[in-house]
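The values are calculated or read from the model by the stated rules, or taken from the named source; none is laboratory data. Values in this document were obtained by computation on a predicted structure and should not be read as measured data. Methodologically, a virtual Cβ is constructed for each residue, glycine included, from the backbone with ideal geometry; neighbour enumeration extends over all protein chains shown. Keep in mind that these areas ignore ligands, DNA and RNA; they rest on the heavy atoms of the full protein, side chains included. Shrake-Rupley method; radii C 1.70, N 1.55, O 1.52, S 1.80 Å.
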Amino acid sequence: MLCFWRTSDLAVLLIWGVFVAESSCMNGNQTSLNGSLPESEVNTTLFVQMGAKALLCCPALPMTKTILILWVITPRGQPPCRIIYRAETKHINETNCTDRRITWASTSDQRPDLQIDAVALDHDGLYSCDIATPTGNFLRSHDLHVLVPPAVTLFPGENRAAVCEAIAGKPAAQIFWTPDGDHITKKESHSNGTVTVRSTYHWEQNNVSVVFCFVSHPTGNQTLSIELNQGVTITLRSLLTILYVKLSLLVIILLILGFAFFQKNNYFRK
């Protein structure tokens, strides 16, 4: 299923999470809902979650009026790919097109739309469909943004702190804390366009028993919590120190018992 959001919906998405909408490409036998020709140029911004199916639509025109279809695919930071379909000869010509994950939604003489069965990060970019007809050209462009849900973790830190991470998300997630307290949030950008957000929260009140980390992202929101023991969280380093001390005491006790047992055996032999 295709998850599409327009730019005006992003603020709502950050509050309510993911809206899932099916593709609404027009059937090739009709022009528009009221029978009139579509606009000569339409630009849309699409947000698709990684791994979802994307359907990239051309202007809604009947194939009987089509002379030529030109798809220009420009992934961000990569050279463009051009696909030309000539309706009269039903011939397809491709230039610099190597991504076989992008295919026709149907046969090219029935529907000019393209589809991506499983969207990946490298599909982020611009997609435009230009249809030439006897009455003029019609263009529909898509600015495709691939959304990546972050991996979210919450763990105790040092010196009465908790650390919440939203790892490798796209776009960068937002992190909020409850109850309110001092926190430091840092972002780390990765070469593939994803961002890791790390927020460290410090509390001073001894009456704090639970800390909540709320992670907001267009692909969905998550809430994690840590229970505190009178405001004190035992860190991993502290646990290892305690374990080391206990093991050391155990070894000393075993050595003492072994030495006593050895001395006792020597006494009876005499």
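Here are a few things to note about the model shown:
- Residues being more than 25 Å from GLY51 (Cβ to Cβ), β-branched (Val, Ile, Thr) and surrounded by 12 or more Cβ atoms within 10 Å (Cβ to Cβ) are represented in the range 73-87 by at least one member.
- Where PRO112 falls short, out of the listed (1) part of a loop (DSSP other than H, G, I, E, B); (2) open to solvent by 50 Å² or more (accessible area, probe 1.4 Å); (3) farther than 20 Å from ASN192 by Cα; (4) not polar (S, T, N, Q): (2)
- Some residue of the range 160-170 being more than 29 Å from VAL208 (Cβ to Cβ) and either under 15 Å from the mean Cα position of the chain (by Cα) or among the aliphatic types (A, V, I, L, M) (or both): yes
- The range 37-66 - residue that is open to solvent by 50 Å² or more (accessible area, probe 1.4 Å), closer than 16 Å to ARG140 by Cα and out of contact with any His (no Cβ under 9 Å at 6 or more places or on another chain) and, of those, modelled with the highest pLDDT: GLU41
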